Amino acid sequence: MDNQKTMMFSFGEDKPKADVVIRESAAAMREKGYNPINQLVGYLLSGDPAYVTSHKDARSKIRSLERDDLLDELVRFYLEHEK
């Protein structure tokens, strides 16, 4: 019995999904009069969270995910919806 390993159990995701975070953040940016495409590109290229408004907690939501996860979601969406 001393050789038993502890198993890790994960129920659901702790982090919100990237698509939800992107959509909610973009909506908050639009509400504040910002162009979400320009703002998200600025954030993704620079890593500077100041590109994302704090309105409706958008900045915190975006920062809860790694930038590569956000990029992965954007590329996946684009490729899955290409014509």
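Tabulated values for the structure
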item	result
Longest DSSP-loop-exposure-free segment, chymotrypsin sites (Phe, Trp or Tyr not before Pro), the chain, at most 11 other Cβ within 10 Å	12-83
For the chain, calculated [θ]222 nm from helices alone, where every DSSP H run of n ≥ 4 adds -39500 (n - 2.57)	-16500 deg cm²/dmol
For the chain, convex hull volume per residue from C-alpha positions, Å³	152
0 to 90° range, to nearest 10: angle between helix 67-80 axis and the chain longest Cα axis	70
Choice from ALA50, ALA58, ALA28 showing the highest fluctuation, given a GNM over the chain with Cα pairs closer than 10 Å	ALA50
Relative contact order of the chain, defined on C-alpha pairs under 8 angstrom at six or more residues apart (%)	29
Listed residue (TYR43, MET29, THR6) projecting farthest to the positive dipole end of the chain, Cβ model	MET29
About the Cα centre, charge dipole magnitude for the chain (Lys/Arg +1, Asp/Glu -1 at Cβ), debye	340
Residue with peak Gaussian network fluctuation, the chain [Cα springs, cutoff 10 Å], from ILE22, ILE62, ILE37	ILE37
Rounded tilt (10° steps) of 36-46 against the dominant C-alpha axis of the chain	60
Count, lysine Cα pairs under 29 Å in the chain, 8 or more residues apart or across chains	10
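Each value in this text was obtained by applying a stated rule to the coordinates, not by laboratory testing. For clarity, every value in this text was computed on a predicted model and none was experimentally measured. Every residue, glycine as well, gets a Cβ built from its backbone with ideal geometry; the counts of neighbours run over all protein chains shown.
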